[in-house]
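Beneath this line is the structure, given in structure tokens, with notes to follow.
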Amino acid sequence: METLRDVLGAAAAGVFPPPDGTTTVLPQASPRDAGVLSFTAHAVVFTDEDPAWVAQTLRALDCDPLAAPMHPRFLAALMDRTGRRAETVDALLVGSPLPGVPPLALREIEDAGHPRIRYARGRRDQVRAWTAEGGVLVMGRGVAGRLEVSVEVAGDVRRGLGRLLVTAARHLVTEPLWAQVTPGNARSLRAFLAAGYRPVGAEALLLAPDG
């Protein structure tokens, strides 16, 4: 059976689920992560709940079937059923590894008290972090073991540092690097796009009650 890891690996390579208007239900890759992925005219719900319940709940929505998996009423129903919570629906992007050295100097740190690092450790495994003047770069293993990146830039630093940080991240890896970006954070979204990350879909991640 196809797994969530298979779906993500294919998407990173530019191969997406068929745009046939259907929804695929797959088991969670870990107890921590459940949610919904939305690709072009195809959605993937990753949950350990009954697939029949998912299908029935989607059919009951009075909306465009293509929009149903990300509809607030479906996400609310899924949260109620699982006892989970959600923060936002993110744009999902992926970047390929780059050769050579990063375009700015980085220093690896292990500051467990830093808010960005603490946040990442609550949602990812094998978290590592680096600092540059005015910014922090964090990477770790997230949904289905994929490698995820996030950055934080101080408000008073020069423009362009975010783009340099997320570009630098691509020089530190040997596999696809994923990013979840809130669409309303236009500055961050522009930075990732300028650094060569490709949009592949949208994601609503449902957090475990203690997450």
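The values are calculated or read from the model by the stated rules, or taken from the named source; none is laboratory data. As the structure is a computational prediction, the values presented were derived from the model and not from experiment. Note that we place each Cβ from the backbone using ideal geometry, even for glycine, and neighbour counts take in every protein chain shown. Side chains included, ligands, DNA and RNA excluded: accessible areas come from the protein's heavy atoms. Shrake-Rupley method; radii C 1.70, N 1.55, O 1.52, S 1.80 Å.
Numerical summary
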item: Top positive-direction residue, dipole computed over segment 1-109 with Cβ charges, set P102, L75, P65; result: P102
item: Unit charges on C-beta of K, R, D, E only; dipole of segment 43-186, Debye; result: 260
item: Anisotropy class of segment 117-211 from Cα gyration tensor, a/c 1.5 cut; result: rounded
item: Dipole-positive endmost among A194, G134, V89 within the chain (Cβ charges, Cα centre); result: G134
item: Diffusion constant of segment 10-65 at 25 °C, which comes from Stokes-Einstein with the Kirkwood Cα-pair radius and 0.890 mPa s, µm²/s; result: 201
item: Computed helical MRE - 222 nm, the chain, DSSP H runs ≥ 4 contributing -39500 (n - 2.57), nearest 500; result: -7500 deg cm²/dmol
item: Residue-normalised accessible area of the chain, given per residue in Å² at a 1.4 Å probe; result: 50
item: Neighbourhood charge, 13 Å Cβ-Cβ cut-off, centred on F46 and excluding it, Lys, Arg +1 and Asp, Glu -1; result: -2
item: Estimated distance in nm for a label pair at F16 and S96, the labels positioned 7 Å out from Cα along Cα-to-Cβ; result: 1.8
item: Interchain or long-range residues, amide H under 5 Å from T88's placed H; result: L205
item: Within segment 1-36: backbone nitrogen closer than 18 Å to the L66 label point (7 Å, Cα to C-beta); result: 16-24
item: Carbon plus sulfur fraction of accessible area for segment 1-111, probe 1.4 Å, in percent; result: 55
item: Given 16 as the ceiling on other Cβ atoms within 10 Å, longest exposed-site-free region of the chain for trypsin sites (Lys or Arg not before Pro) in DSSP loops; result: 1-157
item: A55/D6 FRET efficiency (R0 25 Å; Cβ-Cβ; nearest 0.05); result: 0.75
item: Label-point separation in nm, R121 to R85, each point 7 Å along Cα→Cβ; result: 2.0
item: Listed residue (V153, A204, L164) projecting farthest to the positive dipole end of segment 130-211, Cβ model; result: L164
item: Among F46, F16, F192, residue whose mean-square fluctuation peaks in a GNM of the chain (springs only between Cα atoms under 10 Å); result: F16
item: ³J(HN,Hα) computed for each position of segment 178-183 - Karplus, 6.51 cos²θ - 1.76 cosθ + 1.60, integer Hz, glycine/proline x; result: 9, 9, 10, 10, 5, x
item: FRET efficiency estimate (nearest 0.05) - Cβ-Cβ, D48 to E133, R0 41 angstrom; result: 0.40
